[in-house]
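Since every read-out is calculated from the coordinates, none of them should be taken as a lab result. Note that this is a predicted model, so its numbers are computed, not measured. Note that we place each Cβ from the backbone using ideal geometry, even for glycine, and neighbour counts take in every protein chain shown.
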Amino acid sequence: MTQAIGNLKAYLSGPWAFLRHLDDRRLMQPGSIVGWAAFDPDGAGLVYREQGRLWFGGAQGEATRCYLYRFTEPEQAAAEVAFEDGRLFHRLCLSDGRCSVEHRCNDDRYRGTFEALGANTLRVCWQAEGPCKDYRLTTDYLRYAAPAQHRERAVAHAA
């Protein structure tokens, strides 16, 4: 069951632990990433950074990602999500507890679903299809209350 989120900025802010499952139908290989993410203040917005340990096929390594969240409404109920270089990715609003988004990258199409499953739980699913992509990502986030130095140790321990 989803939870309506009135102030998206307040909901997202802070550290989160995550587990991401990857299903690459083109390569017929599953994978996973375990790690931590943080939504930190950045002017009037938030910067999202994640770091994790990736297992895919027989390989493993470090995975990182960064997005920018810009809040355009005074009540901060919605955000424009951009790539690190500032290009628009999608709009996000969880006022109903759920949001579906779409993004095109050349001939590939990305469809995402965000669900606020509680005050401390978020699920994000992405499906990518096209001539270069055919995969599904499911990420479960859980608010993380430990200090930052423990996050790095948790990621290292998972390796």
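In nanometres, what is the gap between the two model label sites at Arg91 and Arg26, each 7 Å from Cα along Cα-to-Cβ?
Modelled inter-label distance: 3.0 nm.
Given the -39500 (n - 2.57) contribution per DSSP H run of 4+ residues, what per-residue ellipticity at 222 nm results for the chain, rounded to the nearest 500 deg cm²/dmol? Could the numbers behind the result be given before it?
On the way: 2 runs with 16 residues, N = 159.
Taking each H run of at least 4 residues, the total per residue is -2500 deg cm²/dmol.
Sorted from largest down, give the three principal axis spans of the alpha carbons of the stretch 8-158, whole angstrom values.
46, 39, 29
Take every Cα pair under 8 Å in the chain that's 6+ residues apart, average their separations, divide by the length, and report that relative contact order as a whole percent.
Contact order relative to length: 24 percent.
Once you put a point 7 Å from the Cα of Glu80 and another 7 Å from the Cα of Thr2, both along the Cβ direction, what distance in nm separates them?
About 2.3 nm separates the two model spin labels.
Fewest Cβ neighbours within 10 Å first, please rank Trp36, Trp55 accordingly.
Fewest-to-most ranking of Trp36, Trp55: Trp55, Trp36.
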